[in-house]
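Take a look at the structure below.
No value in this document is a laboratory result; all are computed from the given coordinates. Being a predicted model, the structure only gives us computed values, none of them experimental. No Cβ is skipped: glycine too gets one built from the backbone with ideal geometry, and neighbour counts run over all protein chains shown.
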Amino acid sequence: MAGKPLILLANDDGIDSPGLEAAAEALLSTADILVAAPKFQQTASGRALQGPPEAIFEPRALNVTGTNLAAWCLDASPATTVRHALQCLCTERWPDMLVSGINYGENLGTNVSASGTVGAAIQAAIWGIRAMAVSFEVPYEFHYTHGDVDWSGAKDALERAVRQLLVTIWPEDVDIIKVDIPDSVDRTTPWRVCRQSREPGWWGFVPDARFDTPVGETIGRRGPRPGKSGQPCDDLTALHHMKEVAVTPLSLDMSSRVCLEEIHELL
């Protein structure tokens, strides 16, 4: 429809993810949608720029509530998929926003650097596009599979967030807005703007660890780590303990907020 903004829709769970379809359904009335997603599951790939040199975009049929969407998949990481999409699929029209998700599993705290969902958003932000990384709290066993999930509350939250964020001017140094949605979400669920926790939302515990312990024996455990805690205004506390929608502004600038003179003195 003429006059609608264009949203580039990506993810890290792959083109066949029900979460991707749920996101498309949520956004359909708000924007024109171009889908570009990895061909396969790419959870926890971060912002890796990987993919076979011969990989090309493959068209995929994606019908959402009777509407045929332009959809493509690439045998590559989420960040590579977004980078390639911006240059190969967006030559005639530049996206107004990128939405990455809806991801199976929350991306909290220090897990943001491991998240392929966030990695796709970072890649778009590098190209000057406002980006959202949207994740939904699900059982841990669904983090790497497409489990059966009720997406209705997450779809409603995504639609509300995008409607607001498409028409507002973002503050300087806010390149990505990360939205983590609790599994209990409904229209009465509070929203909290918060900082990223310094603890991981999920961390890997190796039981009876030895030099010959296989990597596959690592067990995912919910953060924070033993002896650590989240802070009252961070994303981990908001989602895990308060069961609120955690909205976290992120910057491409990963520099420490320390006064640079203090580092100069160390040298």
Could you work out the relative contact order of the stretch 139-242, using alpha carbon pairs under 8 angstrom and six or more residues apart, expressed as a whole percent? 26
For the chain, built as a Gaussian network whose Cα springs stay under 10 Å, the top-fluctuating residue of 190, 249, 182: 190
Work out from phi, with θ = phi - 60° and the Karplus expression 6.51 cos²θ - 1.76 cosθ + 1.60, the ³J(HN,Hα) of each residue of the stretch 46-60, listed in order in whole Hz, and give x for Gly and Pro. x, 9, 4, 9, 10, x, x, x, 8, 5, 10, 5, 10, x, 10
Let's see if you can work this out: charge +1 on each Lys and Arg Cβ, -1 on each Asp and Glu Cβ, no other charges. What is the dipole magnitude of the chain about its Cα centre, in debye to the nearest 20? 300
Measure nothing but the geometry: give the 0 to 90° angle between the long axis through the Cα atoms of 116-126 and the longest principal axis through the Cα atoms of the chain, rounded to 10°. 70
Relative contact order as a percentage, the stretch 12-62, C-alpha pairs under 8 Å and 6+ apart, gives 49
Would you count, across the chain, every pair of lysines whose alpha carbons are under 21 angstrom apart, provided the pair is eight or more residues apart or spans two chains? 5
Cα gyration tensor shape for the stretch 49-108, rounded if a/c is under 1.5, else prolate or oblate: rounded
Within a Gaussian network of the chain (alpha carbon springs, distance under 10 Å), most fluctuating of 14, 147, 119: 147
Can you tell me the relative contact order of the stretch 94-139? Whole percent, Cα pairs under 8 Å, sequence separation 6 or more. 57
Likely footprinting exposure, 177, 126, 263, fewest C-beta neighbours within 10 Å first: 263, 126, 177
I need 158, 69 ordered by Cβ neighbour count within 10 Å, fewest first. 69, 158
Spatial separation of Cα centroids for the stretch 146-185 and the stretch 47-86, in angstrom: 21
Angle check, please: helix 78-88 long axis (alpha carbons) against the longest principal axis of the chain (alpha carbons), in degrees 0 to 90, nearest 10. 30
